[in-house]
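Okay, so here's the structure we're looking at.
The values are calculated or read from the model by the stated rules, or taken from the named source; none is laboratory data. Quick caveat: nothing in here was measured; it's all calculated off a predicted structure. In this analysis, Cβ positions are derived from the backbone assuming ideal geometry, glycine residues included, and neighbour counts consider all displayed protein chains. For accessibility, only protein heavy atoms count, side chains too; no ligands or nucleic acids. Shrake-Rupley method; radii C 1.70, N 1.55, O 1.52, S 1.80 Å.
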Amino acid sequence: MDIQGIKTLNDWIRDSDNVVFFGGAGVSTESGIPDFRSVDGLYHQKWSYPPEEILSHSFFERDPAEYYRFHREKLVLDGVQPNRAHRKLAELEEAGKLRAVITQNIDGLHQAAGSKKVLELHGSILRAYCSRCRKPWPEEAINHGTGIPRCDCGGVIRPDIVLYEEPLDQDIMEEAVRYIRNAEILIIGGTSLNVYPAAGLIRYYRGNKLVLVNLSETPYDSYANLVIHEKIGEVFSQITV
Ligand code: APR
């Protein structure tokens, strides 16, 4: 374990009230949710189509039944709980140190752990709406059951997530930029920083305390002021609030 790195991280957090966290699928792997690009990640499992294709707007329009087969088997995992990383971030917010969690994840685990300010860049599978009339639907309408969920109007009900080929919510992106631009400490964790525009947010950080906590190397390691290649749950369990 990177003892010195964790001591530095603790020293920085102790003296700050303006920490912002930006994370990805690696934050939820310790809750049992596979990430996308690690060796055993979602994108390396056997499917009739590549998952990046299934999780796209055009595929959803073309074959909603196959989309929902993938969605219910791979995106909806019953009984998952927040882990030490989620809980520590909620504690840091409660202690007035962390101002926002910005996440690429769609699993709702940050809110389940108690985080209040959570910016979901890619939406959430815990919200749904009709793709025709946009009527909101409870997550039960899409995450359980079989077949293609239909609205009263006959339209296909879809999850409130950003599929490939779809734009991100500009208001959420602009709010995320504001938090990152003003952050004293930006902690990035559990993300390969492979997917834009989310990964591009890192460029708005202007401070000198950019922390990367990720099992594998990322294209931004050389920009970071502190890099810890360890499990984020392990590292965060040693942060004293
Ligand atoms: N602790 C720290 N890092 C971890 C852990 C862990 N316990 N588990 C996995 N990781 C790291 C992996 O090494 C990997 O670099 O987390 C990263 C996860 O990267 P990806 O699987 O690419 O997930 P993410 O970066 O969130 O993907 C971004 O891509 O497919 C789209 O919309 C999808 O939001 C997703 C986006």
Over the Cα atoms of the range 1-157, Rg to Rh with Kirkwood Rh, two decimal places? 1.04
Neighbourhood charge, 14 Å Cβ-Cβ cut-off, centred on residue 210 and excluding it, Lys, Arg +1 and Asp, Glu -1: +2
Coil-residue trypsin sites (Lys or Arg not before Pro) of the range 88-121, DSSP, other Cβ within 10 Å capped at 12: 116
As an exercise, use a Förster radius of 25 Å and the Cβ-Cβ distance of residue 81 and residue 135 to find the FRET efficiency, rounded to the nearest 0.05. 0.25
To the nearest 10 degrees, how steeply does helix 3-14 sit against the main Cα axis of the chain, on a 0 to 90 scale? 90
Suppose every Lys and Arg Cβ carries +1 and every Asp and Glu Cβ carries -1, with no other charges. What dipole size does the chain come out with about its Cα centre, to the nearest 20 debye? 300
Mind listing which trypsin sites (Lys or Arg not before Pro) in the range 191-220 are in a DSSP loop and have 14 or fewer other Cβ atoms within 10 Å? 206
Give the aspartates and glutamates reachable from residue 135 as a straight Cα distance under 17 Å; neighbours fewer than 8 places away on the same chain don't count. 152, 160
How many angstrom separate the Cα center of the range 79-115 from the Cα center of the range 1-45? 12
Report the gain in length on full extension from residue 72 to residue 174: 0.36 nm times residue separation, minus Cα-Cα distance, nm rounded to one decimal. 33.6 nm
List the pairs from 46/117; 209/231; 97/231; 116/209 whose alpha-carbon separation is above 31 Å, in the order I gave them. 46/117
Once you order the gyration tensor axes a ≥ b ≥ c over the Cα atoms, which shape class does the range 30-101 get: rounded for a/c under 1.5, otherwise prolate or oblate by comparing a/b with b/c? prolate
For residue 151, what accessible surface area do you get with a 1.4 Å probe? Give it in Å², rounded to 10. 10
At residue 16 and residue 204, where each label point lies 7 Å from the Cα along Cα→Cβ, what is the point-to-point distance in nanometres? 1.7
With the other protein chains left in place, how much accessible area per residue, in square angstrom, belongs to the range 1-111 at a 1.4 angstrom probe? 44
Probe radius 1.4 Å, ligands and nucleic acids ignored: give me the carbon and sulfur share of the accessible area of the range 152-234 as a rounded percent. 46
